[in-house]
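All remarks here apply to the structure that follows.
The values are calculated or read from the model by the stated rules, or taken from the named source; none is laboratory data. This is a predicted model, so every value here is computed, not measured. Cβ atoms come from the backbone with ideal geometry, glycine included; neighbour counts cover every protein chain shown.
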Amino acid sequence: MRSLLIRCYPARWRARYGEEFALVLGDRPLGPFDVADVLLGALDAHLHLRGLGAASIHGKGFAMTLRIGGYAAILGGLLWFIALAGNAINDGAETGAGWILIALLAAIVATLVALIGLSAFQARRHPVLVWAAFAVPAVGAVVSLFGALAMAASGDSARAIIGGLSGWAISTLGVTGLVIGSGLFALATLRARVLSRGAAALLGVGSIVVVLGLAGVTGGLLPSGLEGGVIVAMVLMFPAGWAGLGVSALRTERAGMPHFEGAIP
């Protein structure tokens, strides 16, 4: 991966800075944020042929990723609340399903941005877990988008598209993948002891509740007495977990990075 990333830079840039940059990349595991940061630096180098600073991976990059990831996590939490609460209130009716789907797709995009932005810290200690936490939601996002496009093309959310699955069912499977990835990210955050452990725990438990809730409600597996409580829990816990991580990231960025960076090898 490091070799491929370096080759994204212009030949003139590689001849001058390639060896030094390879040492920088080799100092620590690379997470999703690092890859995105390097690719943006490569684009900047092609456009301006700047020096080594074109690929950040330094202290300022940490502050930037906390800020971007923090705002994306807060926005994602709000959008997840709107999508989940709206779906529960709508109760499968066609009326109002359009704006719920829009909120859901926006929540997915915000969550992916938050995962990239906040993964720079967890990836130092648990790179495999963090990459899984990004890859699973990324695949889920593609599946959800396919399901949404299928619904828009057919005009019927209940119409079977592939293997007897409707567009709504396909989109729900994609959302499930994204929620599972969020749970993996919460686990990585807890193990790395970065950001708010309370918010990470809330996100982890909320992810489990959402997966169980989606499976139980759509499959009719939940007893009627528990269904309401599970729905309320999934509507509140999962969005609150993401919003809490976002607030924690912004507080950390405003408090200054030296102590926080020193805790990460």
Subset of region 127-151 (residues that are surrounded by 22 or more Cβ atoms within 10 Å (Cβ to Cβ) and either more than 29 Å from G98 (Cα to Cα) or in the same structural domain as D34 (by TED's automatic domain parsing) (or both)): V130
Members of region 28-78 found to be modelled with pLDDT of 70 or more and in a loop (DSSP other than H, G, I, E, B), listed by number: R28, P29, L30, G31
Which one is modelled with the lowest pLDDT among residues in region 191-207 that are assigned to a helix (DSSP H, G or I) and crowded, with 18+ Cβ neighbours inside 10 Å? A192
